[in-house]
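Colleague: Here it is, the structure, as structure tokens.
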Amino acid sequence: MIAVTGATGNVGRALVDRLLAAGRPVRALTRDPERAALPERAEAVRFRPEEPAALFDGVTGVFLYARAVTEPLLAAARAAGVRHAVLLSSGIVREGADETHPIHVLHATAERLIRESGLEWTFLRPNGFAANALQWAPQIRAGNTVRGVYAHAVAAPIHEDDIAAVAERVLLDGGHEGAVHRLTGPRAATNADQVAAIGAAVGRELTFVEIDPRTAGPELFPHLDAYMLDRLLKTFEATVGVPPEITHTVERITGTPARTFTRWARDHAADFGAGPAA
């Protein structure tokens, strides 16, 4: 059996579906099983990280996201017989990175705890998620203008199901223990390019309007404190006009090329409201 933490998240849910389609039993760990709307064949279990002992009975492999990783959780997994932990880490963890960045600290700490746990491990380090574009969905549902920062910030966004496809192969196939896989989409796209692609997917012409990052916080990032907002904006600024890292890891591991952002936008057209704006 494979346990999947974050089973209702973008990557976790896609992985649950993939494992079930492959005929593998899945324990879907979620904080609210009653509202999770998971497939009936998945064993939905309430995720109580403070009570980890009951989570891993009969489990041989586990998919983890960084905030779920604690020493007691890993110790419970090992004691229950889990052999392999696959972590959804972050591409920010790399040689020469700013090790004080809060996103780096979170994921590097999770990686260290797993390395020290005695479990076999594989780390997936995706760069920007295509699903980050969902932050624009309320604006796109309301009209044809998207206000945002850094129209020319460049990324190679990765489809969440491509991450799940890699995780599936890593969990089910041998040979990935001790490996670090860096994951990206296949093509570079600016923020403005991404908005245009979403517009094509929903049948409308959308315009990206760049706003001053110094005043963007309350409007665009109300949930972030000042320190995290400053670090995030500096991360975005550093990508303006800079060609992103592009890997072919998805195709190498799964045998299928990574999907473009244009494909992601078509897959998620309903999230943005297809058809003409009201």
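Colleague: In the range 67-105, which residue that is among the hydroxyl-bearing types (S, T, Y) and farther than 19 Å from A179 by Cα is surrounded by the fewest Cβ atoms within 10 Å (Cβ to Cβ)? Step through it out loud before you land on a result.
Modeller: Step one: list which residues in the range 67-105 are among the hydroxyl-bearing types (S, T, Y), which gives 70, 89-90, 100.
Subsequent filtering for residues that are farther than 19 Å from A179 by Cα retains 70, 100.
On the way: T70: 14, T100: 8.
Only one residue tops the list, namely T100.
Colleague: R266 fails exactly one of the following numbered conditions: (1) of a type in the set (K, R); (2) free of Cβ contacts under 8 Å to residues at least 40 places away in the same chain; (3) assigned by TED's automatic domain parsing to the domain that holds V149. What is the number of that condition?
Modeller: Result: R266 passes all but (2).
Colleague: Has the range 20-34 got any residue that is over 20 Å from H176 (Cβ atoms), among the aliphatic types (A, V, I, L, M) and in a loop (DSSP other than H, G, I, E, B)?
Modeller: no
Colleague: Inspect the range 148-157 for any residue being part of a loop (DSSP other than H, G, I, E, B), among the hydrophobic types (A, V, I, L, M, F, W, C) and closer than 19 Å to V11 by Cα and give the result as yes or no.
Modeller: yes
Colleague: I'd like to know if the range 68-78 contains one or more residues that are part of a loop (DSSP other than H, G, I, E, B) and more than 30 Å from A156 (Cβ to Cβ).
Modeller: For the range 68-78, residues part of a loop (DSSP other than H, G, I, E, B) and more than 30 Å from A156 (Cβ to Cβ): present.
Colleague: Scanning the range 131-147 for residues that are touching a strand residue (DSSP E or B) at 6+ places or on another chain (Cβ under 6 Å) and not polar (S, T, N, Q), which turns out surrounded by the most Cβ atoms within 10 Å (Cβ to Cβ)? I'd like the intermediate steps shown before the answer.
Modeller: Step one: filter the range 131-147 for residues touching a strand residue (DSSP E or B) at 6+ places or on another chain (Cβ under 6 Å), giving 136, 139, 145-147.
Retained after the next criterion (residues that are not polar (S, T, N, Q)): 136, 146-147.
Details: W136: 20, V146: 25, R147: 14.
Here the residue is V146.
Colleague: In the set V105, V59, V45, which member is in the same structural domain as G6 (by TED's automatic domain parsing), over 14 Å from the mean Cα position of the chain (by Cα), part of a strand (DSSP E or B) and without any contact (Cβ under 8 Å) to a residue 60 or more places away in the chain?
Modeller: V45
Colleague: Of a type in the set (K, R) and not assigned by TED's automatic domain parsing to the domain that holds D271: which single residue out of R115, R141 fits that description?
Modeller: Every option except R115 fails the conditions.
Colleague: Working only within the range 203-224, note down all residues that are within 23 Å of the chain's Cα centre (by Cα) and either closer than 20 Å to T190 by Cα or surrounded by fewer than 10 Cβ atoms within 10 Å (Cβ to Cβ) (or both).
Modeller: Residues satisfying the conditions are L220, F221, P222, H223.
Colleague: Hey, another quick one. Out of curiosity, is E177 among the acidic types (D, E) and either surrounded by fewer than 20 Cβ atoms within 10 Å (Cβ to Cβ) or assigned to a loop (DSSP other than H, G, I, E, B) (or both)? If you could, list the steps in order and put the result at the bottom.
Modeller: Details: among the acidic types (D, E): yes; either surrounded by fewer than 20 Cβ atoms within 10 Å (Cβ to Cβ) or assigned to a loop (DSSP other than H, G, I, E, B) (or both): yes.
It is true that E177 is among the acidic types (D, E) and either surrounded by fewer than 20 Cβ atoms within 10 Å (Cβ to Cβ) or assigned to a loop (DSSP other than H, G, I, E, B) (or both).
The values are calculated or read from the model by the stated rules, or taken from the named source; none is laboratory data. Quick caveat, the model's predicted, so the values are computed rather than measured. Quick reminder, even Gly has a Cβ in these numbers, built from the backbone with ideal geometry, and neighbours come from all protein chains shown.
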